[in-house]
Amino acid sequence: MGSKAVEDLIQASSGVHYSGFHLEEPHTSEIGQPTTSIDERVKQPFVIGVAGGAASGKTTVCDLIIDQLHDQRVVLVNQDSFYHNLTPEELTKVHEYNFDHPDAFDTEQLLCVMEKLKHGQAVDIPKYDFKSNKNDVFPLRRVNPSDVTILEGILIFHDPRVRDLMSMKIFVDTVQMLMYALQGE
């Protein structure tokens with residue numbers, strides 16, 4: 001990532017501790033007997049939303065979560081992959097375009113991808129090219145369904161339909177000076 005001092009600062013300021021994290025509990029009836037086996041029901045992923053400002057440490061938090069869930073199948077979906085392609089007119093004024101506004105994202109495509117993953121279907125996710133401001137420059141990334149899906153982005157909590165897909169929500173709030181230090185690396 002960067003300097004050891006910045007890494008130490010992130011770790012000290014995060015205050016995040018993970019222990020005893022279980023993704024599912026057995027389903028039981030009123031008399032305590034299992035209602036269905038795991039094989040008999042469709043297993044939906046545990047979806048973790050990680051939001052925060054630009055350079056707030058979202059990726060670091062996601063990496064920590066992935067490290068802690070080493071015995072689970074985990075996939076990371078970035079909201080950045082769902083930026084709209086800019087129109088020719090927007091491209092002429094790209095320096096004025098607000099990439100931090102909800103309208104900058106194709107939320108419908110994000111919802112479609114997340115619903116498919118939730119129902120056990122593999123998906124193809126675009127990779128946004130920040131040089132050309134298009135999401136069709138690079139090959140699509142094939143993502144298979146998993147035990148845990150981490151959805152990371154600056155505005156993933158904005159749309160209630162996206163929020164409702166999440167089993168857990170984490171907002172990364174980093175002190176401004178630390179954000180400046182991270183942006184400078």
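The values are calculated or read from the model by the stated rules, or taken from the named source; none is laboratory data. Keep in mind the model is a prediction, meaning the values are calculated, not measured. Using ideal geometry, Cβ is built from the backbone for each residue, glycine included, and neighbour counts are taken over all protein chains shown.
Inside segment 67-83, residues that are of a type outside the set (F, W, Y) and either touching a Gly at 6+ places or on another chain (Cβ under 9 Å) or buried (at least 16 other Cβ atoms within 10 Å of the Cβ) (or both) make up a count of 9. In the set Q44, Q33, only one residue is modelled with pLDDT under 90, more than 15 Å from the chain's Cα centre (by Cα) and surrounded by 11 or more Cβ atoms within 10 Å (Cβ to Cβ); that residue is Q44.
Report yes if some residue within segment 165-183 is assigned to a helix (DSSP H, G or I), out of contact with any Cys (no Cβ under 9 Å at 6 or more places or on another chain), of a type in the set (S, T, Y) and modelled with pLDDT under 95; otherwise report no. Scanning segment 165-183 turns up at least one residue that is assigned to a helix (DSSP H, G or I), out of contact with any Cys (no Cβ under 9 Å at 6 or more places or on another chain), of a type in the set (S, T, Y) and modelled with pLDDT under 95. S14 satisfies every condition listed in (1) in contact with a helix residue (DSSP H, G or I) (Cβ under 8 Å, 6 or more places away or on another chain); (2) at pLDDT 80 or above except (2). Counting only residues that are basic (K, R), within 30 Å of K93 (Cβ to Cβ) and either touching a helix residue (DSSP H, G or I) at 6+ places or on another chain (Cβ under 8 Å) or not in a loop (DSSP other than H, G, I, E, B) (or both), segment 120-146 holds 3 of them. If the condition is being surrounded by 16 or more Cβ atoms within 10 Å (Cβ to Cβ) and of a type in the set (D, E, K, R), then segment 129-158 contributes K134, D147, E152.
With respect to the conditions (1) surrounded by 14 or more Cβ atoms within 10 Å (Cβ to Cβ); (2) assigned to a loop (DSSP other than H, G, I, E, B), L117 falls short on a single one, namely (2). Close Cβ contacts (under 9 Å, 6 or more residues apart or on different chains) running from residues in segment 47-64 that are touching a residue at least 12 places away in the same chain (Cβ under 8 Å) to residues that are assigned to a loop (DSSP other than H, G, I, E, B) and of a type in the set (G, A, S) comprise V47/S167; I48/S167; G49/S167. Kindly indicate whether D63 is part of a helix (DSSP H, G or I), under 23 Å from V175 (Cα atoms) and in contact with a Phe, Trp or Tyr (Cβ under 8 Å, 6 or more places away or on another chain). For D63, the condition - part of a helix (DSSP H, G or I), under 23 Å from V175 (Cα atoms) and in contact with a Phe, Trp or Tyr (Cβ under 8 Å, 6 or more places away or on another chain) - is not met. Per this entry, T149 is counted among residues that are touching a Pro at 6+ places or on another chain (Cβ under 8 Å), outside any helix (DSSP H, G or I) and under 23 Å from V61 (Cβ atoms). Of everything in segment 103-156 that is over 29 Å from D71 (Cα atoms) and among the hydroxyl-bearing types (S, T, Y), the residue that is modelled with the highest pLDDT is T107.
A residue that is within 16 Å of K127 (Cβ to Cβ), in contact with a Lys or Arg (Cβ under 6 Å, 6 or more places away or on another chain) and crowded, with 16+ Cβ neighbours inside 10 Å can be found somewhere in segment 84-107.
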